[in-house]
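Asks: Can you keep this structure in mind? I'll have questions shortly.
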Amino acid sequence: MKHLFVTLFVAAAAFSMANAEDSKVVIPDSTGFKFTDTKVIKTTPVKDQNKSGTCWCYSTNTFFESEILRKTGKEVHLSEGFVVYHCYLDKAIKYIRMDGTVNFAEGGAADDVNYVWNKYGMVPNEVYTGMTYGDKKFNTAELTATLSGYASVINQRKLKKLTPAWVDGFKGILDAYMGKLPETFVYEGKTYTPQSYAASLPIKMDDYIGISSFTHHPFYKPFVLEVADNWLWYNYQNVPMEELLEIVNYAIDHGYTVAWGADVSEKGMKWRKGYAILPDIADTPDLKGSDMDRWTQLSDQDRETEKWDIKGPMKEIKVTQELRQEWFDTKETTDDHGMVIMGKAVDQEGNRYFKVQNSWDTNQLYHGFFYVSEAFFLGKTLDIMVNKEAIPAAIAKKMGLK
């Protein structure tokens, strides 16, 4: 129980912190960075997950929407609500079966969408939004708190035997907040079930794979990534970090987007200003040409703020496999956020970046997109999901895919 509420609190705090960061209006060209796109893959429009911890769903749906767009040239908006509803329910069932020892929260992982697609199908957002009472954007805070309280009471097992009625009660809460799921629906003049609609789309879940890079498991073998939101205990293929980077570069170069799970709590993540870097900042600044007395008289807080007042491209940390692992083991790299890598760029000094589509609306410098340095990607990536076709043949062979 304590773990549950701590998880919910941390997730909410991380989201609030990210949305509060650099909340003032950013003037174009005031950040010191000038990015030039070198490759951009067309995606569906930027979404807004609003007051919900459902980035995993928004980003992965966008990833699959871009795959449909790549294959057909047609834009679709897949229902986030349909996926979230099913994950809430199935996660609760697992939570009870595991006596409350697995995570129950609104967070999740990219593979949750694959799971729902395979088991329940999919529906267009026009058919089911998962929002009631005229809401235009998600706000799942009250819903999550209600479902968590209900699940925790059931988990107390004051009765010797659980009755199946608790599942119906849980569904009743979901129906009240999100609306009942459609069993059949008419879309573009055709009648579908969720399963038949999913089958009509040019997407097969077996074509996609999750990949990560950590040394506490052998490379080129599948492993369960040990983060709380991996409630399905999904297996990721494990590759060296240089190959993880190679896969993403290859995918983008060949017209494939990449679903990306990463840590966004770093001080070098200035998403509203449009960039994320891992600056190589020592404990004290370079005092050359500066006023030593003024620096030493600053408060610790002011000194820290000034140290992270990034003016433009700068030297970044050289990330190694060992350092990446250390950050994960010491919780300096945490499982925070899901996004979509959909392009590449360089800054004015020729440093390489990935262009990323977010789900925090468009009220930022680059209207819902930002740029992530290769160093940041190497150090702070938890996992990616990609079409198997987008993996270089030599790496795919090592992974046993060819």
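The values are calculated or read from the model by the stated rules, or taken from the named source; none is laboratory data. Note that this is a predicted model, so its numbers are computed, not measured. Every residue, glycine as well, gets a Cβ built from its backbone with ideal geometry; the counts of neighbours run over all protein chains shown.
Asks: Out of (1) at pLDDT 95 or above; (2) touching a helix residue (DSSP H, G or I) at 6+ places or on another chain (Cβ under 8 Å), what's the single condition that is false for residue 336?
Replies: Evaluating residue 336 over (1) at pLDDT 95 or above; (2) touching a helix residue (DSSP H, G or I) at 6+ places or on another chain (Cβ under 8 Å) leaves (1) as the failure.
Asks: Every residue in the stretch 377-397 that is touching a residue at least 40 places away in the same chain (Cβ under 8 Å), farther than 14 Å from residue 213 by Cα and not polar (S, T, N, Q), please.
Replies: 386, 388, 389, 390, 391, 392
Asks: Now a separate question. Tell me which of these residue 171 doesn't satisfy, since it passes every other one: (1) among the basic types (Lys, Arg); (2) under 26 Å from residue 77 (Cα atoms); (3) exposed (fewer than 13 other Cβ atoms within 10 Å of the Cβ).
Replies: Just one mismatch for residue 171, condition (3).
Asks: Residue by residue through the stretch 248-267, note down the ones that are under 16 Å from residue 352 (Cα atoms) and either of a type outside the set (Val, Ile, Thr) or surrounded by fewer than 22 Cβ atoms within 10 Å (Cβ to Cβ) (or both).
Replies: 249, 250, 251, 253
Asks: Out of all the residues in the stretch 114-159, which are under 15 Å from residue 230 (Cα atoms) and either in a loop (DSSP other than H, G, I, E, B) or β-branched (Val, Ile, Thr) (or both)?
Replies: 116 - this is the single residue of the stretch 114-159 that is under 15 Å from residue 230 (Cα atoms) and either in a loop (DSSP other than H, G, I, E, B) or β-branched (Val, Ile, Thr) (or both).
The rows are residues; the columns are (1) surrounded by 11 or more Cβ atoms within 10 Å (Cβ to Cβ); (2) touching a residue at least 12 places away in the same chain (Cβ under 8 Å); (3) over 22 Å from the mean Cα position of the chain (by Cα).
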position: 163; (1), (2), (3): no, no, yes
position: 181; (1), (2), (3): yes, yes, yes
position: 185; (1), (2), (3): yes, yes, yes
position: 212; (1), (2), (3): yes, yes, no
position: 222; (1), (2), (3): yes, yes, no
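Residue by residue, here is whether (1) closer than 27 Å to residue 206 by Cα; (2) at pLDDT 60 or above; (3) aromatic (Phe, Trp, Tyr) holds:
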position	(1), (2), (3)
11	no, no, no
26	no, no, no
32	no, yes, no
41	yes, yes, no
52	no, yes, no
59	yes, yes, no
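Asks: Something else now. Just the residues that are in a helix (DSSP H, G or I), touching a residue at least 40 places away in the same chain (Cβ under 8 Å) and surrounded by fewer than 21 Cβ atoms within 10 Å (Cβ to Cβ), please, taken from the stretch 87-113.
Replies: In the first step, residues of the stretch 87-113 are kept if they are in a helix (DSSP H, G or I); the result is 87-97, 111-113.
From the residues that got through so far, the ones that are touching a residue at least 40 places away in the same chain (Cβ under 8 Å) too are 88-89, 91-96, 111-113.
Residues satisfying the conditions are 89, 93, 94, 96.
Asks: Just checking, how many residues over the stretch 230-273 are closer than 30 Å to residue 91 by Cβ and either at pLDDT below 95 or part of a helix (DSSP H, G or I) (or both)?
Replies: 9
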